[in-house]
Amino acid sequence: MAVIAWIGLGHMGGPMAGHLVEAGHEVRGFDLDGTAVAAAAASGVRAASSIADAVAGADAVFTSLPRNEHVREVYGGAGGVWESAPEHALLLDTSTVDVATSRWCHDESSARGFAFVDAPISGGIAGAKAGSLTFMLGGEASAVDRARPLVEPMAGHVFDLGDPTLGIAAKLANNLMLFVSLVGVAEGAQLAASLGLDPQRFYEVASVSSGESWPLRTWYPAPGVVDSSPADRNYDATFAVALAEKDLAFAVAAAEASGLLTPAARIALDQFRTLIAEGLGGKDASLVAKFPSPEGHV
Ligand code: NAD
């Protein structure tokens, strides 16, 4: 069994680290937020006092951090992973970052003698808790081979996508599809309601017809239709508007850099930016439909 450091014990990182404990690994966790550390400690993660404390003697270091700047700081900052981890440690970033940050992590890790794998995930908080996430791995073949058994206790599916940054490329392309589909589901649901259809009856039709999709089944935006829908819980976030905006902005930037036009993604991105400007960045992305919540407000 391995000694594993885990930096960033939030909604995703906390439960994921817990699955590594269950798999028999010694896991040392660090987070700036003491509440997150305490929650992880309750599932057997050893609370570390700093990044350096967490990574000392580690065979592998996982990161699960909010944004590009946090990832850059945790790897490259004073007392960070590159300064403190043993050189044999495998580094894996599960955060959703842009392609440039992932490339930087690969290049700078390799310049310091570390093997790095971009290992973004899909499946949300429910998937992190259930250990059923989809992992998309990018990196040198020898590093990805080392990564696979480590991520398996947290995963329903593990994909080896080949070269460095191809994991994050898959994640951004997947989430572009997700959020463009979500906007389509939101508009279709509103059209159905405004033409006089009962939302439940229309859902029954669309879920066995060609309008069917993951956001339709999981996030149907009208209240009282789908058990898992945030519309029934005042749009409390299962996937926050601010995270959706981040992922789509990275996807649109990556498309632009390859000379690709993504007009539908840009429209979806504008919708999420409007919600953020209205102070709703912490609410669920399915709010894009703007159906009234059960409480009549958001
Ligand atoms: P989160 O905000 O709940 O957790 C991130 C944690 O990182 C926080 O606890 C924060 O305190 C900690 N942190 C920030 N800077 C730190 C530092 N310098 N040192 C140590 N800890 C630090 O976020 P999350 O929802 O767990 O998401 C984590 C990553 O996974 C993000 O990149 C997100 O885009 C991605 N992701 C999230 C979901 C989801 O449904 N929440 C799904 C797939 C991917």
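Results, tabulated for the structure shown:
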| quantity | calculated |
| --- | --- |
| Subset of the stretch 231-249 that is under 16 Å from Pro215 (Cα atoms) and either in a loop (DSSP other than H, G, I, E, B) or β-branched (Val, Ile, Thr) (or both) - its residue that is modelled with the highest pLDDT | Val241 |
| Candidates Ala52, Ala36 - the one that is over 26 Å from Arg103 (Cβ atoms) and part of a helix (DSSP H, G or I) | Ala36 |
| Those residues of the stretch 10-24 which are of a type in the set (Gly, Ala, Ser), in contact with a Ser or Thr (Cβ under 8 Å, 6 or more places away or on another chain) and more than 14 Å from Ala42 (Cβ to Cβ), in sequence order | Gly10, Gly13 |
| Residues within the stretch 250-264 that are assigned to a helix (DSSP H, G or I) and farther than 20 Å from Gly167 by Cβ, tallied | 3 |
| Residues (within 12 Å of the ligand (Cβ to nearest atom), in a loop (DSSP other than H, G, I, E, B) and either farther than 22 Å from Val99 by Cα or among the charged types (D, E, K, R) (or both)) located in the stretch 55-69 | Arg67 |
| So Leu20, is it in a loop (DSSP other than H, G, I, E, B) and not small (Gly, Ala, Ser) | no |
| Out of Ala38, Ala85, Ala2, Ala52, sole residue that is among the small types (Gly, Ala, Ser), in contact (Cβ under 8 Å) with a residue 12 or more places away in the chain and within 13 Å of the ligand (Cβ to nearest atom) | Ala52 |
| Total residues in the stretch 1-45, condition charged (D, E, K, R) and surrounded by fewer than 18 Cβ atoms within 10 Å (Cβ to Cβ) | 3 |
| Residues of the stretch 56-73 satisfying the condition of being touching a Leu at 6+ places or on another chain (Cβ under 8 Å) and under 11 Å from Cys105 (Cα atoms) | Val71 |
| Residue within the stretch 174-193 that is assigned to a loop (DSSP other than H, G, I, E, B) and out of contact with any strand residue (DSSP E or B) (no Cβ under 6 Å at 6 or more places or on another chain) present | no |
| Among the candidates Ala249, Ala254, Ala264, residue that is farther than 20 Å from Ala189 by Cβ, surrounded by fewer than 19 Cβ atoms within 10 Å (Cβ to Cβ) and aliphatic (A, V, I, L, M) | Ala249 |
| Residue, nearest to Val61 (Cα to Cα), within the stretch 99-126, restricted to residues that are within 15 Å of the ligand (Cβ to nearest atom) and hydroxyl-bearing (Ser, Thr, Tyr) | Ser102 |
| Filter result (under 21 Å from the mean Cα position of the chain (by Cα) and surrounded by fewer than 23 Cβ atoms within 10 Å (Cβ to Cβ)) within the stretch 193-215 | Ser213, Trp214 |
| Test: residue in the stretch 193-214 that is of a type outside the set (S, T, N, Q) and either in the same structural domain as Glu69 (by TED's automatic domain parsing) or under 22 Å from Thr96 (Cβ atoms) (or both) | yes |
| Answer from Ser181, Ser228 - the residue that is under 28 Å from Val97 (Cβ atoms), among the hydroxyl-bearing types (Ser, Thr, Tyr) and at pLDDT 95 or above | Ser181 |
| Glu73 vs. criteria touching a residue at least 24 places away in the same chain (Cβ under 8 Å), charged (D, E, K, R) and either in a helix (DSSP H, G or I) or within 10 Å of the ligand (Cβ to nearest atom) (or both) | no |
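For (1) surrounded by fewer than 16 Cβ atoms within 10 Å (Cβ to Cβ); (2) touching a residue at least 12 places away in the same chain (Cβ under 8 Å), each residue gets a yes or a no:
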{"residue": "Phe62", "(1), (2)": "no, yes"}
{"residue": "Thr94", "(1), (2)": "no, yes"}
{"residue": "Ser110", "(1), (2)": "yes, no"}
{"residue": "Ala126", "(1), (2)": "yes, yes"}
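The values are calculated or read from the model by the stated rules, or taken from the named source; none is laboratory data. Quick caveat, the model's predicted, so the values are computed rather than measured. Note that we place each Cβ from the backbone using ideal geometry, even for glycine, and neighbour counts take in every protein chain shown.
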